[in-house]
1. How far is it, in nm, from the label point at residue 208 to the one at residue 51 when both lie 7 Å from their Cα along the line to the Cβ?
2. Got a sec to turn the phi values of segment 47-55 into Karplus ³J(HN,Hα) couplings, 6.51 cos²θ - 1.76 cosθ + 1.60 with θ = phi - 60°, whole Hz, x for Gly and Pro?
3. Extension gain residue 8-residue 355, at 0.36 nm per residue separation less the Cα-Cα distance, in nm?
4. Could you line up 250, 42, 104 from fewest to most neighbouring Cβ atoms inside 10 Å?
5. Distance between Cα centroids, segment 158-179 to segment 183-247: provide it in whole Å.
6. Go through 275, 119, 26 and say which Cα lies farthest out towards the positive end of the charge dipole of the chain; charges sit on Cβ, +1 for Lys and Arg, -1 for Asp and Glu.
7. For segment 60-187, give me the percentage of DSSP beta bridges that are antiparallel, rounded to the nearest 5 percent.
8. Going by how many other Cβ atoms sit within 10 Å of their own, how do 247, 293, 119 line up, fewest first?
Amino acid sequence: MTDFSYFTPTEVAFGRKSEDKIIPLIRKYGGTKVLVHYGGGSAVRSGLIPSIRQKLQEAGIPFTELGGVVPNPQLSLVRQGIGLCLGEGVDFILAVGGGSVIDSSKAIAYGVRYGGDVWDFFDGKAVPVASLPVGVVLTIPASGSEMSDSCVITYGEEGLKRGCNSDVCRPKFAIMNPERTYTLPPYQTACGITDIMMHTMERYFSSEASLHITDSIAEGLLRTVREDGEKLLQNPSDYALRASIMWAGSLAHNGLTGCGAPSDFATHRLEHELSTMFNVAHGAGLAALWCHWAGYVMDADPDRFARFAVEVCGVEPGNDARTTALEGIASMRAFYRRIGMPTSIPELIGRKATEDEIAVMAGRCSRGKTISVGNFKVLRYDAMVDVYHLANE
Ligand code: NZQ
Ligand code: ZN
């Protein structure tokens, strides 16, 4: 196992009445002029934004608003948000939505406290040292951004989607009311289930053995999300199931399930190119790739995949690790199909990717053949092309 640090400073208010804490928490973390940042309208239609407006007005806290964050959030709106915050003297950002809104908020928060272009943080020219405080009212469990150190922004004009990882902008608080997720369409719920599991699978499949306790936590989380996720799609208004998935989404990506081993995240890196190229939902892109990545890399450590098959997928242990491992991958493919997720690029986008598109995605993912991704097995440009080809069948 490797040494690690575990830093999860986000205060969580969870449950049906958690929205009562919005004003006390904004005050606690120093907000005196708030930007309420949200997406394409679901939070307005559900009544959440109107209720937040009312709470802020009654509390006498001045605020301004910026809606319109799209899935795979865009740098152009981030820049607009930075200008708005500077012009209005905003000192606190309230993100109301999912990963796209939270990441857009984090990027605005970095940009307000930086003299240069905020994209510098995403193309590696600068490292954040300060940000505005960000609070979250979560409406979709998926990205884990409400507790993560990560922020992923798309530079649409350049065809780039890049992440910035820094503890500087971990959210100060996250309000999580599972009832707010009842309105999610089944497809978005399934995308979330996929992404949540993947955040822990990216940590579970590592070149090094992790702590026993970390493996146990990871396997328990993965088993639970798989089982509860499938039940939830049959019972979308079941509070206990919504709550289970919502809390799992935060735990899967706040660092807890990766303590003691380096993480992989190759499937994520490959997916970010898919969602940039084809503007698809992140979770669906992950489902389209994972089984192909798994088949490509499993011989690096078949025992690890066999353990996953037994502990997470409920496969009967066999004498041969490789056979058990393959049964686990097949079980995940069947699971994705049952929850309505694609398991290949053609199922994701309705056609095969062209050779040119694959070359562009692998080129971007490898930053022009200069970097590799992954840790369970290191993937360079040619290996990235191989995985995209496998997923393209
Ligand atoms: O825009 P609105 O109208 O709000 O609709 C959203 C959006 O269309 C809708 N939605 C959200 N809550 C809803 C709802 N619809 C009905 N009822 C509700 N309660 O769901 C759609 C998807 O929202 P989005 O925020 O895009 O989803 P998600 O949370 O999956 O975030 C995806 C983004 O997060 C990034 C992804 O790459 C992608 O850009 N990620 C961020 C990470 C992080 N910061 O730690 C890690 C992840 O691996 C991921 O890369
Ligand atoms: Zn993800």
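Where a number appears in this text, it was derived from the coordinates with a stated rule and is not lab data. Remember, predicted model here, so these are calculated numbers, not experimental data. When we count neighbours, we look across all protein chains shown, and the Cβ atoms used for this are built from the backbone with ideal geometry, even at glycine.
1. 4.5
2. Each residue's phi maps through the Karplus curve to give x, 5, 4, x, 6, 5, 3, 4, 4 Hz.
3. On the way: separation 347, 0.36 × 347 = 124.92 nm, distance 4.21 nm.
120.7 nm is the gain from fully extending residue 8 to residue 355.
4. Details: 250 25, 42 20, 104 30.
The order, fewest Cβ neighbours first, is 42, 250, 104.
5. 18
6. About the Cα centre, the residue reaching furthest to the positive side is 26.
7. On the way: 6 of 16 bridges.
Percentage antiparallel, nearest 5: 40.
8. Working: 247 17, 293 27, 119 20.
Sorted ascending by nearby Cβ count, the order is 247, 119, 293.
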